[in-house]
Structure formats: C-alpha cells, structure tokens
Amino acid sequence: MSSLPFKVSWCSPSNIAFIKYWGKKGPQLPSNPSLSMSLKECHTKTTILFSEASALKVDLKLDGCREDKFTFKIKNYLESLVGEYPFLNHLQVDIETHNTFPHGTGIASSASGLSALALGLTDFIFSFQDRRGDQDFFQLASSLARRASGSACRSVYGGFVTWGEWGNGVGSDLFADPIDVHSSLKNLRDSIIVVDSKEKSVSSTSGHGQMTQHFFSEARFNQAKFHFNQIVPAMKTGDFEVVGRILESEALSLHAMMLTSPSPYTLLKPSTLKAIEMIRQFRHDSQIGLYFTLDAGPNLHLIYPESEASKVLTFIQHELTPLAEKIIHDEIGEGPFRC
Ligand code: PMV
C-alpha cells in the first residue's frame, strides 16, 4: 500500500442530463443509456486524507461542519467496496468537501461530490498499483463513482458524456465515456432558474425504485433508447433544433414518470409550468434556439448556444426573474481536475 498518510484534492463538476437515467437494475446499472453535459462553475472541491487505522473510520466535513448523514452514507459506500479493496478496512478517511453552488437548486451535488470522492479514491488506489494510464484511471473512477450515485459516473469527464450500453456493443453500463460533438455545441450555456429551493419531497432513490413496478417502465426505457439514438447523430452534425426537441421531451417524460408512478408525486411547481410556457413563446417569437430541461425537481435548466447569450439573458432578466428565487449562470465545462 502507498505510504500513509496520503492526501489528495479534486474539483469535480455537476452535470445535467440531456437523456435521463431513471430506473436501474443490479449493482446500480442503468435501465437505459443516458447522456449529459458537464458543468463548469457548479462543482465540488473535496480533499481526502487517508491514514492508518485499526478499522474503517470516516470523518466528513461539509463547508467546515461535521455532517453525520453524509458520513454515514460514505462509510456505507466504502464498506460496500471492502470485498474488492480490503485495505479500506484499515483506514481512517478524513474528507473535507465544499460545493460552489447552494443546496436544493436542482444542481446535482451528489454527482459532483461523489465523483470527486471517487477520483480521490482512485488516486489512492493507483498510488500503490502499477499506473495504467489515464484511460484506466478515469474508467475506474467512473465505475467507483457509479456505485456511489449513478449519474456521478458521468462527472469524471468534461463536455458531453454517455453512460450505458446503447447497441452493437457500444457503451458500457459499468462506466461512462466522453463523446465528441459538433463544434457548434461545444459552447452551450446553462442558466438555472431556481423557482423553489426547498428540499424535494421524494428522493431520486425512491423515484428510481418506483420504476421497477411502473406501468410505463418498458415504454419509458424504449423511449430513452430511441431518443439516445436520435440525439447522438444530431449532436455530431450540430442539429441543435433536434437536440433541443429531445431535451425537452426527456425532461417532461421524466416528470410524467413521477406523475404516474405507483405512488404518484409531483415535483413541478406552478412557476415551472409558467416558465415553460414563456420559454416556448420566446422561442416561437424570436426563433432563437433556447430549450429547457429539468432534473428531479422543479428548477429549470435553460440550454442555449453562447452566440445567443445576450438575447437570452435579456429574456431571462425581464421575463423569468419574477418567477425565480435565484438564477445561476453556468456553461459546459472541461471536467474534473486535481486542485
Ligand atoms: O444519480 P441519481 O441516482 O441521483 O439519479 C439521477 C437522475 C436524474 O438526475 C433525474 C437523471 C440523470 O440522468 O441525471
């Protein structure tokens, strides 16, 4: 094992899914392929100190404060890896983590936080195994991140990232892969309209779970695969209209699953629906490519090319600000880095 103590810090981004992962099987494997864009400003910085101990101990501080809930979660996660990495049983793991974005804003802190943790853990594993190059490093980090939180596996790369088998042996359910897209899509912006920052009433874990008995699950998985196979060529040719149409359809299908699940629930708010109507009207009137998507929550991610930024920002400022608790402006990012 590497000489202890071993200290490492990673900054890792959140991501927003264009094709949604909703429903899983086995050891956190997706029921359909998904595709996301890694963000730039919204990220987590995590420092991990590994030192010797008689049993696995975890101490986690979020913004300087001990967090029992997260400590418990991370300890469980590391325990689940002991079969493959028995050395974890003899470690004290001190984690200090800080998000650049506020809680409850529809920005996935689990994706950024758990990918940062997995990258640090991978650094530690690689410190006493033969280095096998970047590809192996990021594949292992992605697969470790996946086991902590599915969508976190996509955050170990920048730009656009796929996760899940998508036909003819392409793609993997075990880890994510970066995907190259047309140059016109390499500068997309994401403005996040936070209409409600309260903690959501139903967790994503419960939502994924409900897909196993959902009346529409097979249809939904097929729709996601269909969308995936449509969006990839559109992203390669830079057909933003097709990309945007699929983006919105995916967001609404995700929430349709929640509305019709065995224990139905609604995360959308009246302001979400009002903003959607206004975005559609703006697009119709201006012919500007501005599209929305949603995570598992009421807050809207507005996706648009940098070239349209000034008109879109004016629209957001004048029309959407009254509906928003806050607005966070972000853009496509280059992925995680040691910090
Ligand atoms: O990774 P989880 O378990 O937090 O699930 C993420 C689910 C969505 O954010 C709604 C979709 C996605 O693909 O990121």
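Using C-alpha positions alone, give me the convex hull volume of segment 1-96 per residue in cubic angstrom.
Numbers: hull volume 12.9 nm³, N = 96.
Output value, Cα hull per residue: 135 Å³.
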Practice problem: Report Rg (one decimal) and Dmax (nearest whole number) for the chain, counting Cα atoms only, units Å. | Solution: 19.9, 66
Quiz prompt | Diffusion constant of segment 73-148 at 4 °C, which comes from Stokes-Einstein with the Kirkwood Cα-pair radius and 1.567 mPa s, µm²/s | solution = 96
Exercise. Over the chain, average the accessible area per residue using a 1.4 Å probe and give it in Å², no decimals.
Key: 43
Exercise. Among the aspartates and glutamates, select those whose C-alpha is under 14 Å from the C-alpha of residue 24, and discard any that sit fewer than 8 residues away in the same chain.
Key: 165, 173, 218
Quiz item: Per residue, what volume in Å³ does the convex hull of the Cα atoms of segment 179-317 enclose?
Solution: 116
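Ignoring the sites themselves, what is the longest stretch of the chain with no GluC sites (Glu not before Pro) in a DSSP loop and at most 13 other beta-carbon atoms within 10 Å?
Working: sites that count: 84, 199, 334.
Counting at most 13 other Cβ atoms within 10 Å as exposed, the longest clean stretch of the chain is 200-333.
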Practice problem: Treating cross-link reach as a plain straight distance, find the lysines whose alpha-carbon is under 17 Å from the alpha-carbon of residue 57, omitting any fewer than eight places away in the same chain. | Solution: 7, 69, 73, 75
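Please list the three semi-axes, largest first and in whole Å, of the ellipsoid equivalent to segment 235-303, using sqrt of 5 times the eigenvalues of its alpha carbon gyration tensor. Provide the component values of the computation, followed by the final result.
Working: eigenvalues 111, 46, 13 Å².
In descending order, the three semi-axes are 24, 15, 8 Å.
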Quiz prompt | Lysine pairs in segment 205-339 with Cα atoms under 30 Å, if 8 or more residues apart or on separate chains | solution = 9
Practice problem: Rank-order 6-14, 24-32 by packing density, defined as the average count of other C-beta atoms within 10 Å over each peptide's residues, highest first. | Solution: 6-14, 24-32
Self-check item: For residue 108, distant residues with modelled amide H under 5 Å away
Solution: 15
Practice problem: Give me the aspartates and glutamates in straight-line cross-link reach of residue 186: C-alpha distance below 20 Å, same-chain residues under 8 apart excluded. | Solution: 41, 177, 239, 241, 248, 306, 308, 330, 331, 334
Quiz prompt | Angstrom value of the Kirkwood radius, inverse mean 1/r, which spans all Cα pairs in segment 6-161 | solution = 15.8
Self-check item: Solvent-accessible surface (1.4 angstrom probe) belonging to residue 212, in square angstrom, nearest 10
Solution: 100
Quiz prompt | DSSP-defined beta bridges in segment 47-149 - what % are antiparallel, rounded to 5 | solution = 55
Quiz prompt | Listed residues 156, 202 arranged by accessible area, highest first, probe 1.4 Å | solution = 202, 156
Self-check item: On Cα atoms only, tilt of 240-259 relative to the major axis of the chain in degrees
Solution: 70
Quiz item: Say we join alpha carbon atoms closer than 10 Å with springs in a Gaussian network model of the chain; which of 23, 64, 159 then has the biggest fluctuation?
Solution: 64
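The values are calculated or read from the model by the stated rules, or taken from the named source; none is laboratory data. On a predicted model such as this, the values are computed, not experimentally measured, just so you know. Reconstructed Cβ throughout: ideal geometry from the backbone, glycine too, with neighbour counts over all protein chains shown. Just the protein is used for accessible areas: all its heavy atoms, side chains included, with ligands, DNA and RNA removed. Shrake-Rupley method; radii C 1.70, N 1.55, O 1.52, S 1.80 Å.
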